[in-house]
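Read the structure below first, then the notes.
The values are calculated or read from the model by the stated rules, or taken from the named source; none is laboratory data. Owing to the predicted nature of the structure, the values given are computational and were not obtained by experimental measurement. Heads up, the Cβs are rebuilt from the backbone with ideal geometry, glycines too, and the neighbour counts pull from every protein chain shown. Heavy atoms of the whole protein, side chains included, go into the accessibility calculation; ligands, DNA and RNA do not. Shrake-Rupley method; radii C 1.70, N 1.55, O 1.52, S 1.80 Å.
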Amino acid sequence: MRDVLTVSTVNVNGLRAAAKKGFVEWLTAGGADVVACQEVRAELDQLPAEVAAPEDWFAFHAPSEVKGRNGVSVYSRTEPDFVRIGFGEPEFELSGRYLEVHLPGVIVASLYLPSGDVGTVRQEEKERFMAAFLPYLGELRGKAEAAGKEVLVVGDWNIAHAEADLKNWKTNQKNSGFLPEERAWLSRVFDEAGYVDVHRKLVPEGPGPYTWWSYRGKAFDNDAGWRIDYQIATPGLAEKCTSVVVERADTYEGRWSDHAPVTATFDWPNPAA
């Protein structure tokens, strides 16, 4: 049997609501070793037991200090050596946007990057977050290398990197999520910080596959989506990625979030094995 590590990430669009629509069944039936969630939007005591602390999982939650907003979680089959909330930037330490777990040989982080809105304070917040997060990614990679570990940062990055990453790219060039400066920043994550978009490494050509579709109109039915949920790894781990699957629901009614889970498998020593 191959020694594999499987990691899933999904923006749940409210974990309490998702739990009522199919998240629990998906988590139970899936074969992932680590599951990262974003936009949890709940305090720990607001979550049902099967979500707060599901059987056979070690669960970690980082809610936002603003109730009902943001929030990230990580479920791991293996107990981590260390868990970190936030990345050292005071403005975002309690914002529910970053949580990392240190497992044997690999650090896995759940990221919910701000969505932004052009011309508003939300876009300014997104820009501040990106400015602070990029150097941290470089620092994290350096520390991981020194410790003999790889890094995998998964989640909702809220940026479509290239034209192939969203259906209607021509009409979105002035909208947050596809601004030239945002796309250039994500290029720096790859070129300067040295990380790899594992999906694009395996599947260089588009379009898509998309991971988010607006609830408005017929976006899901027409597959008019965005690829903004990524698994981004250090090169050593990226080389070991054998598959990435976007778990798109079969029907509109079958969705439990406006995002689809993204699951990657790596030929990598599995701490849970």
- Message: Can you tell me which of (1) of a type outside the set (Asp, Glu); (2) at negative phi; (3) touching a residue at least 24 places away in the same chain (Cβ under 8 Å) is the one Asn13 doesn't meet?
- Response: (2)
- Message: The conditions are (1) out of contact with any helix residue (DSSP H, G or I) (no Cβ under 7 Å at 6 or more places or on another chain); (2) of a type in the set (A, V, I, L, M, F, W, C); (3) within 18 Å of Leu99 (Cα to Cα), and Leu5 fails exactly one of them. Which is it?
- Response: (3)
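It is to be established whether one or more residues within segment 225-246 are open to solvent by 60 Å² or more (accessible area, probe 1.4 Å) and more than 18 Å from Thr6 (Cβ to Cβ).
no
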- Look through segment 219-254, keep the residues that are in a strand (DSSP E or B) and among the aromatic types (Phe, Trp, Tyr), and return whichever of them is nearest to Arg188 (Cα to Cα). Tyr230
- Which is touching a strand residue (DSSP E or B) at 6+ places or on another chain (Cβ under 9 Å), open to solvent by 30 Å² or more (accessible area, probe 1.4 Å) and closer than 21 Å to Ala264 by Cβ, of Glu43, Glu39? Glu39
- Note on the structure: The lone condition Thr6 fails out of (1) under 30 Å from Gly116 (Cα atoms); (2) under 19 Å from the mean Cα position of the chain (by Cα); (3) surrounded by 17 or more Cβ atoms within 10 Å (Cβ to Cβ); (4) not small (Gly, Ala, Ser) is (1)
- Give me a count of the residues in segment 170-195 that are open to solvent by less than 40 Å² (accessible area, probe 1.4 Å) and assigned to a loop (DSSP other than H, G, I, E, B). 7
- Does segment 125-134 contain any residue that is buried (at least 23 other Cβ atoms within 10 Å of the Cβ), in contact with a Ser or Thr (Cβ under 6 Å, 6 or more places away or on another chain) and not in a loop (DSSP other than H, G, I, E, B)? no
- Query: Considering segment 50-82 alone, what residues qualify as being open to solvent by less than 50 Å² (accessible area, probe 1.4 Å) and touching a His at 6+ places or on another chain (Cβ under 9 Å)?
  - Reply: Ala52, Gly71, Val72, Ser73, Val74, Pro80
- Note: among Gly148, Gly138, just one is open to solvent by 10 Å² or more (accessible area, probe 1.4 Å) and either part of a strand (DSSP E or B) or under 18 Å from Asn270 (Cβ atoms) (or both), namely Gly148
- Output yes when any residue across segment 198-206 is small (Gly, Ala, Ser) and modelled with pLDDT of 95 or more, and no when none is. no
- Query: For segment 11-122, which fully contained strands (runs of 3 or more DSSP E) count at least 2 residues that are within 30 Å of Glu181 (Cα to Cα) and of a type outside the set (S, T, N, Q)?
  - Reply: 34-38, 72-76, 82-85, 98-103, 106-112
- Here are some conditions: (1) of a type outside the set (Ser, Thr, Tyr); (2) within 23 Å of Cys241 (Cβ to Cβ); (3) in contact with a Pro (Cβ under 8 Å, 6 or more places away or on another chain). Arg122 meets all but one. Which one does it not meet? (2)
- Task: Please specify each residue of segment 151-169 satisfying the condition of being within 17 Å of Leu111 (Cα to Cα) and open to solvent by 10 Å² or more (accessible area, probe 1.4 Å).
- Result: Asn158, His161
- Query: In segment 247-267, which residues are open to solvent by less than 40 Å² (accessible area, probe 1.4 Å) and in contact with an Asp or Glu (Cβ under 7 Å, 6 or more places away or on another chain)?
  - Reply: His259, Ala260, Pro261, Val262, Thr263
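Looking at segment 196-224, which of its residues are polar (S, T, N, Q) and either in contact with a Leu (Cβ under 9 Å, 6 or more places away or on another chain) or open to solvent by 60 Å² or more (accessible area, probe 1.4 Å) (or both)?
Hit for segment 196-224 is Asn222, nothing else.
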